[in-house]
Each structure stands twice: as structure tokens, then as C-alpha cells.
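Here is the structure we will look at, set down as C-alpha cells.
Where a number appears in this text, it was derived from the coordinates with a stated rule and is not lab data. What you see is a predicted model; the values in this text were computed from it and never measured. Every residue, glycine among them, receives a Cβ derived from its backbone with ideal geometry; neighbour counts consider all protein chains shown.
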Amino acid sequence: MIKLVLFIFTFTLFFSCNNSKEEIVVEKKEVIYDMYQPSEMANLMNEMYAQNLQIKEDILEGKIPTVFPLDFLKIHTAELSDFKSRNETFQSFSKLFIESEKEIFNSNSQIPVKERFNTMVNLCISCHQTECTGPITRIQKLLIK
Ligand code: HEC
């Protein structure tokens with residue numbers, strides 16, 4: 001039981017970027033099950049990670065991605081964890097990110113699709129440098145070498 005709790009605890013630390021949550025959780029280990037509720041934004045981020053991983057694999061196999069995942073537009077509205085706010089920096093990074101993601105699907109582009117994909121990944125990283133540094137190493141794995 002304790003092990004499972006510790007595991008969930010570690011998981012929470014690893015994947016979320018709220019450092020203050022760490023202290024709260026340490027004091028109230030018994031109620032840990034109620035404490036980690038991923039926000040709508042956190043769920044969206046995980047989905048964006050998974051879908052972009054699929055897009056990366058397609059590109060590596062020589063398939064040209066054709067359909068922009070409309071779900072990603074939720075980045076403009078999805079609810080954030082309590083400790084975060086949607087400030088101007090966040091909004092401008094959201095816009096740039098969506099534009100760069102759309103570029104991947106622009107069949108008229110002169111830029112190689114690999115490069116367009118990496119530009120998008122670098123925007124994930126740029127926003128994370130200002131907002132939430134925790135997942136950056138994981139995001140870097142999306143880059144096409
Ligand atoms: C506009 C800023 C911004 C962009 C762009 C962005 N993120 Fe995030 N990301 C955040 C914020 C803020 C959170 C924390 C969300 C929360 O806890 O409510 C987050 C959380 C995450 C998480 C952790 C989710 C969890 O379970 O706690 C992952 C993984 C992630 N992002 C991956 C990505 C990937 C992959 C991309 C690009 C495809 C991306 N992010 C683009 C701001 C951004």
C-alpha cells in the first residue's frame with residue numbers, strides 16, 4: 001500500500017510542474033488519492049505529446065501528415081491547474097505553437113517537413129521554459145534527429 005502511494009507520489013512529481021504540491025503531498029500522504037487531479041490542460045498536453053509522437057513516426061516512415069488535430073486548439077481555452085494563469089506570454093506562445101503545428105500540414109510549404117516538425121517541438125520547449133520546466137527532457141525526445 002505504502003509502495004503504491006509512493007509510486008503515485010513520484011509519478012506526480014515527475015510529470016507535473018507544481019513544485020509546491022510536493023510539500024502538501026508529503027504532509028498528507030493518506031489523502032494522496034484525492035490530491036492529484038490532472039487539469040484539463042495537463043490532459044491536453046499528454047494528448048498532444050502522444051499525437052505528435054505518432055506524427056513523428058509517420059514522418060520517419062516517409063508518410064506525409066495530412067490532418068491537423070483540431071483538438072489542439074483547446075490550448076486556448078483548456079482549464080489550467082489552480083496554480084497557473086493564462087498570462088500574455090502563455091497566450092503568445094499558444095498562438096505561435098498552433099501556427100507551427102499547422103505548418104506541418106501545409107502541403108505548399110517549401111520547408112522540409114522534418115524541419116517544420118522540429119520547429120513545432122522547439123515551441124513546446126520554449127513555452128515550457130517560461131511556464132513549466134519539468135517535462136522538457138521528455139519533450140526533447142520528440143525532436144527528429
Ligand atoms: C503555451 C505554452 C505551452 C505550450 C506551447 C506547450 N505546453 Fe505543455 N504545458 C504547459 C503548461 C502551462 C503545463 C502545465 C499544465 C497544468 O498543469 O495545468 C504543461 C504541461 C505539460 C506536460 C505535463 C502534463 C501533466 O501530466 O502534468 C507535458 C507532458 C507537456 N506539457 C508536453 C507538451 C508538448 C509535447 C507540447 C508541444 C506539442 C507542449 N507541451 C506545448 C504549457 C505549454
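How large is the convex hull of the C-alpha atoms of region 40-140 per residue, in Å³? Before the final figure, lay out the partial values.
Values: hull volume 9.5 nm³, N = 101.
Hull volume over Cα atoms, normalised by residue count, gives 94 Å³.
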Local net charge near MET41, Cβ-Cβ under 13 Å (Lys/Arg +1, Asp/Glu -1): -3
Intensity falloff of region 42-101 expressed as log10 I(q)/I(0), Debye formula with alpha-carbon point scatterers, at q = 0.24, 0.29 Å⁻¹: -1.07, -1.32
Nitroxide proxy distance, nm - points 7 Å out along Cα→Cβ at GLN54 and ILE144: 1.7
Computed magnitude of the charge dipole of region 30-145 (debye, nearest 20; Cβ of K, R +1, Cβ of D, E -1): 500
Positive-end extreme of charge dipole, region 40-140 - chosen from SER94, LEU44, LEU123 (charges on Cβ): LEU123
Cβ charges +1 (Lys, Arg) and -1 (Asp, Glu), total dipole of region 71-117, debye: 80
Selection from GLY134, LEU80, ILE59, by position along the positive dipole direction of region 40-140 (Cβ): ILE59
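What is the local net charge at LYS74, summed over the other residues whose Cβ is closer than 13 Å to its Cβ (Lys, Arg +1; Asp, Glu -1)?
Cβ neighbours under 13 Å give a net charge of -4.
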Net charge of Cβ neighbours under 14 Å - reference LEU123; Lys, Arg +1; Asp, Glu -1: -2
Residue pairs, from the table LYS74/LYS114; LYS102/LYS145; LYS63/LYS95; LYS84/LYS145; LYS56/LYS102, whose Cα atoms sit over 23 Å apart: LYS74/LYS114; LYS63/LYS95; LYS84/LYS145
